[in-house]
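Here's the structure, in structure tokens; my notes come after.
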Amino acid sequence: MPDPDTKTIPRLKPELKVERPKLHKVLLVNDDFTPRSFVVTVLRTQFRLDDSQAQRVMMTAHQRGVCVVGVFTRELAEEKATAATDMGRRQGYPLLFTTEPEE
């Protein structure tokens, strides 16, 4: 039998706040040296865009100077941008993909 002088205090479980990961944009930066067909190939292989999507992204970057390719978690965005940039560098092109936080 419990001691009548003993007080029990219920424990409150701490609430876990789960936040969605911060998202980052991968940007294609236009240059005047990388062939358009190569840019389309990179967009198709690294970002899994179909041919028409890759063409649109490439042309938007060409006309505006930069274009958002996709939005991913920070780690994935950095991984994809690095892999795509490296693909161009291996062929001797100044192709550049960068990342920035999504607003």
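List of remarks:
- Angle of helix 74-90 to the longest C-alpha principal axis of the chain, folded into 0 to 90 degrees and rounded to 10: 20°.
- Nearest-ten-degree value, helix 36-47 long axis tilted from longest Cα axis of the chain: 20 degrees
- Karplus-derived HN-Hα couplings along region 7-19 (A = 6.51, B = -1.76, C = 1.60, θ = phi - 60°), whole Hz, x at Gly and Pro: 9, 10, 10, x, 7, 9, 6, x, 7, 8, 9, 9, 9
- C-alpha long axis of helix 51-64 to longest principal axis of the chain, angle in °: 80 degrees
- With bins 10 Å wide beginning at 0, the percent of Cα pairs of region 29-101 falling in each bin runs 21, 60, 19.
- Distant-in-sequence amide contacts of residue 49, defined by a placed amide H-H separation under 5 Å and a gap of 5 or more residues or a different chain, comprise 44.
- Charging the Cβ of each Asp and Glu at -1 and of each Lys and Arg at +1, and nothing else, the dipole of the chain about its Cα centre rounds to 180 debye.
- With at most 15 other Cβ atoms within 10 Å, longest stretch of the chain clear of loop trypsin sites (Lys or Arg not before Pro) (DSSP): 49-103
Throughout, read-outs are computed from the coordinates displayed, never taken from laboratory work. Note that the coordinates shown come from a computational prediction; the quantities given were computed from them, not determined experimentally. In this analysis, Cβ positions are derived from the backbone assuming ideal geometry, glycine residues included, and neighbour counts consider all displayed protein chains.
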